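Taken together, the values in this text are just the output of simple stated rules run on the coordinates, not laboratory data. Everything numeric in this text was worked out from a predicted model, so none of it was measured. Don't worry about glycine lacking a Cβ; one is built from the backbone with ideal geometry, like all the others, and counts go over all protein chains shown.
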Amino acid sequence: MIEASAPGKIILFGEHAVVYGRPAIAAPVHSLKAIAKIELIKGSAFPGVRDQVADAVSAEDHPPSSLYIHAPDIGLSGWLHAIDPGARLAKILRKSLELLQGDQFPSFKLTIKSDIPPESGLGSSAAISVAMLKAMAEYLGEDLSLESLIGHAYELEKIHHGTPSGIDNTVVAYEKLIRFVRDQEPQPLQVGEAFAFVIADTGVPSPTGTVVGQVRDAWQADQDRFERLFSQIGSITADAIRALDRGDQEDLGRLMNQNQTLLEDIGVSSPAITTLLQAAQSAGSLGAKLSGAGLGGNVIALVDPRTSGAVETALRQAGAQWIQQTTIGA
Ligand code: PMV
């Protein structure tokens, strides 16, 4: 059996502006995981099959080089060749095989499980793609470099989200706090001391592609204004890198609030987001903002370990559907 995993992620600064070439900061969330597991299907003997995948799971009839997908989280199980070819997961699996040049292989069962809430700005689709590509590459005997993993996962993100910047697949594959600029190598960032965040879900699903499309329409209608907003976010991100480096909690919190104000100007905040942000601030958070595409999804609040419990309670009382804590630089 082969198993691979990838973490969730949060965007600390720069979402949306990053689509338009400005820098952003993202961090992996290791307590959240997508897992891809591969088992050889009985009756698929093939020269060169690796010993550790000899776990037989099914003797059902199937053509050679078949993939059986088992995705219990979305209630889907079946042979890839029998799934509607227009279904997103089918497109993703076919693209993955194409990218990994998997045309002839011993048939296998791929199980995908994830505890990352989907469509909530936590990188669920990117984590599933990265975990799946890592497991499939190992099974197919392909030595996948980090750069190819990021590139392949970007191709899959395009199927999910249309025109993503590439930040999600990059941070999830890289598994480090990074500064990300579109079409550039990610830069790992240093932190002067640990920063603790509470992540809280509005419970409102927010498909990234739709929100990015709405921002694009608004940008097209008033490019000067939106370019100015994106540049302001870009300079906040640059200041945030310095605040992280100094370990300056107060400054980072203040910059998060400023970034949130600009995200409101862009039009991607929502009443549910505002309710959670106000609850976090009144319970002592040092700064808070939406994280990801917005119009739902998750918010992140920077907390002092002494007030994190109070912030968590306030967020629950304000209607957060799900809460998690994460630390950067611990
Ligand atoms: O997938 P999400 O919801 O975390 O959004 C990613 C960040 C955006 O800047 C909104 C989109 C992108 O591709 O960078």
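Here are a few things to note about the model shown:
- Breaking point among (1) more than 16 Å from the ligand (Cβ to nearest atom); (2) surrounded by fewer than 19 Cβ atoms within 10 Å (Cβ to Cβ); (3) within 22 Å of the chain's Cα centre (by Cα), for Ala288: (2)
- Criterion violated by Gly234 - all others in (1) closer than 22 Å to Leu262 by Cβ; (2) more than 18 Å from the chain's Cα centre (by Cα); (3) free of Cβ contacts under 8 Å to residues at least 60 places away in the same chain satisfied: (3)
- With respect to the conditions (1) within 13 Å of the ligand (Cβ to nearest atom); (2) surrounded by fewer than 21 Cβ atoms within 10 Å (Cβ to Cβ), Asp168 falls short on a single one, namely (2).
Matching residues to (1) outside any strand (DSSP E or B); (2) touching a Lys or Arg at 6+ places or on another chain (Cβ under 7 Å); (3) more than 18 Å from Pro205 (Cα to Cα); (4) aromatic (Phe, Trp, Tyr):
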site: Leu295; (1), (2), (3), (4): yes, no, no, no
site: Ile300; (1), (2), (3), (4): no, yes, no, no
site: Pro305; (1), (2), (3), (4): yes, no, yes, no
site: Val311; (1), (2), (3), (4): yes, no, yes, no
site: Ala314; (1), (2), (3), (4): yes, no, yes, no
site: Ala320; (1), (2), (3), (4): yes, no, no, no
site: Gln325; (1), (2), (3), (4): no, no, yes, no
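- For segment 191-244, the candidate set comprises residues that are of a type in the set (S, T, N, Q) and either closer than 16 Å to Lys289 by Cα or away from the ligand (no atom under 13 Å from the Cβ) (or both); within that set, the residue that is surrounded by the fewest Cβ atoms within 10 Å (Cβ to Cβ) is Gln220.
- Any hit, segment 129-151, residues being within 16 Å of the ligand (Cβ to nearest atom) and in contact with an Asp or Glu (Cβ under 8 Å, 6 or more places away or on another chain): yes
- Restricting segment 72-101 to residues that are closer than 15 Å to Leu133 by Cα and touching a residue at least 40 places away in the same chain (Cβ under 8 Å), the residue that is surrounded by the most Cβ atoms within 10 Å (Cβ to Cβ) is Ser96.
- Filter result (in a helix (DSSP H, G or I), within 16 Å of the ligand (Cβ to nearest atom) and either farther than 27 Å from Glu147 by Cβ or more than 12 Å from the chain's Cα centre (by Cα) (or both)) within segment 72-128: Arg88, Ile92
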